[in-house]
Each structure stands twice: as C-alpha cells, then as structure tokens.
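Chemist: Just dropping this structure here.
The values are calculated or read from the model by the stated rules, or taken from the named source; none is laboratory data. Remember, predicted model here, so these are calculated numbers, not experimental data. Virtual Cβ from ideal backbone geometry, glycine too; neighbours counted across all protein chains shown. Each accessible area value is taken on the protein alone, full model and side chains, heavy atoms only, with ligands, DNA and RNA left out. Shrake-Rupley method; radii C 1.70, N 1.55, O 1.52, S 1.80 Å.
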Amino acid sequence: MPAAIVFPDAAELVATYLREALAAAGFPVRVGTRVPNPRPAEFVRLKRVGGAQLDVVTDRPRLDVHCWGADDERAHDLMQITRALLLAFPGWRGAAAYDVNEVGGPNELPDPETSSPRFAFAVEVSLRGKPLTAP
C-alpha cells in the first residue's frame with residue numbers, strides 16, 4: 001500500500017513567508033487568511049480557491065491574494081511588492097514550495113462592502129508533501 005501523503009496549509013505557509021518578507025521590505029502589514037476585525041487600513045488576505053493534487057507528492061493550490069491600502073496608490077504598491085515577493089517564494093527556509101506561477105494578473109478590485117482601495121492577483125504554488133507519520 002502506498003504511503004499516505006499530507007500537504008502543508010498553502011495559505012498559512014505563504015502568509016508566514018509574506019509577513020516576514022513584507023516587514024523586511026518596509027511594509028509591516030497584517031497578512032492572514034481572513035479579513036481582520038477590526039479592519040486596519042492596510043492588510044493582505046490569502047485564500048485558497050482551488051487547485052489540485054498533481055501527483056503522489058505534489059499539490060498545486062490556487063491562491064487569491066487581496067491587498068488593501070489606505071489609498072489607491074498604497075494598495076497598488078502593496079500589491080506590487082507582495083506579488084514580487086510571492087514570485088520569489090520558492091526556496092524560503094526550506095519550505096515545501098518549489099514553484100509559483102501567476103494565473104491571474106493584477107486587477108483593481110475595490111472592496112464591495114467599504115469601497116476601500118484593493119488590488120488582487122492569483123497564483124498557483126507547487127507544494128511537496130510528506131509521508132504521514134503516526135503520532
């Protein structure tokens with residue numbers, strides 16, 4: 001019987017990376033998988049919106065990345081730096097990610113509830129799984 005393979009939580013893995021990378025790049029914003037409450041003026045939200053397991057050890061989740069800013073310029077700048085950092089993600093601290101491809105380019109997408117400036121893009125991240133080990 002083949003080994004059971006488990007994959008990391010793609011959104012959490014990428015959020016952890018982006019928190020550190022954005023802070024180092026001068027954008028110390030909240031990064032997570034939910035809209036914070038209370039909502040800060042600037043933050044990044046990641047959400048897995050699909051993707052599929054490609055083979056026994058490779059998962060290819062699709063992530064939507066939404067970047068809110070205090071104004072249009074700041075939201076755009078946050079999106080651009082987040083995009084650049086995310087495309088440089090493979091190899092970060094030995095993470096399971098080994099490939100990132102953009103599948104939806106940047107677009108302006110004002111928040112429907114607040115009209116806050118927001119930009120979004122989408123990526124697919126190739127993740128290597130690990131054999132499930134008994135606890």
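Chemist: Please give the Cα centre distance for the stretch 106-135 versus the stretch 45-77, rounded to the nearest Å.
Modeler: 2 Å
Chemist: Can you find, among Thr114, Ala3, Gln80, the residue farthest towards the positive end of the dipole of the chain? Put +1 on the C-beta of Lys and Arg, -1 on that of Asp and Glu.
Modeler: Ala3
Chemist: At 1.4 Å probe radius, can you tell me the per residue accessible area of the stretch 1-63 in Å²?
Modeler: Accessible surface, normalised per residue, equals 56 Å².
Chemist: Which of these, Ala97, Ala24, Ala122, has the largest mean-square fluctuation under a Gaussian network model of the chain (Cα springs below 10 Å)?
Modeler: Result for the chain, Cα springs under 10 Å: Ala24 fluctuates most.
Chemist: Can you tell me the alpha carbon radius of gyration of the chain divided by the globular rule-of-thumb value 2.2 N^0.38 Å?
Modeler: In units of the globular-protein estimate, the chain measures up at 1.10.
Chemist: Helix 10-24 versus the longest principal axis of the chain: what is the Cα-based angle in degrees, 0 to 90, to the nearest 10?
Modeler: For helix 10-24, the angle is close to 50 degrees.
Chemist: Follow-up question, since we're still on this one. Report the charge-dipole magnitude of the stretch 75-126 in Debye, nearest 20, computed about the Cα centre from +1 at each Lys and Arg Cβ and -1 at each Asp and Glu Cβ.
Modeler: 200 debye
Chemist: What net charge is computed for the residues neighbouring Val103, neighbours being all others with C-beta under 9 Å from the C-beta of Val103, Lys and Arg scored +1, Asp and Glu -1?
Modeler: -1
Chemist: Turning to a different aspect of this structure: Expressed in nm to one decimal, what extension gain is obtained for the pair Ala41 and Val6 from 0.36 nm per residue of sequence separation less their Cα-Cα distance?
Modeler: 9.0 nm
Chemist: Turning to a different aspect of this structure: Compute the relative contact order of the chain as a whole-number percentage, counting only Cα pairs closer than 8 Å that sit 6 or more residues apart in sequence.
Modeler: 27 percent
Chemist: Per residue, how big is the convex hull around the C-alpha atoms of the stretch 80-135? Give it to me in cubic angstrom, could you?
Modeler: Spelled out: Cα convex hull of the stretch 80-135, divided by residues, is 142 Å³.
Chemist: Along each of its three principal axes, how wide is the spread of alpha-carbon positions in the stretch 47-90, in whole angstrom units, largest first?
Modeler: So the three principal-axis extents are 44, 20, 7 Å.
Chemist: In nm, what is the difference between 0.36 nm times the number of residues separating Tyr98 and Gln80 and their Cα-Cα distance?
Modeler: 4.4 nm is the gain from fully extending Tyr98 to Gln80.
Chemist: Another one. Looking at the stretch 1-42, which trypsin sites (Lys or Arg not before Pro) are in a loop (DSSP not H, G, I, E or B) and have at most 13 other Cβ atoms within 10 Å?
Modeler: Arg34
Chemist: So, one more: Between Val57 and Asn107, what is the label-to-label distance in nm when each label sits 7 Å out along the Cα-to-Cβ direction?
Modeler: It works out to 3.6 nm between the two label points.
Chemist: Rounded to the nearest 500, what is the chain's calculated 222 nm mean residue ellipticity when only DSSP H runs of at least 4 contribute -39500 (n - 2.57) each, over all residues?
Modeler: -7500 deg cm²/dmol
Chemist: Please work out, to two decimal places, the log10 of the ratio I(q)/I(0) at q = 0.15, 0.17, 0.19, 0.24 Å⁻¹ from a Debye calculation in which every Cα of the stretch 24-98 carries one identical scatterer.
Modeler: After summing over all Cα pairs, the log10 values are -0.61, -0.75, -0.90, -1.20.
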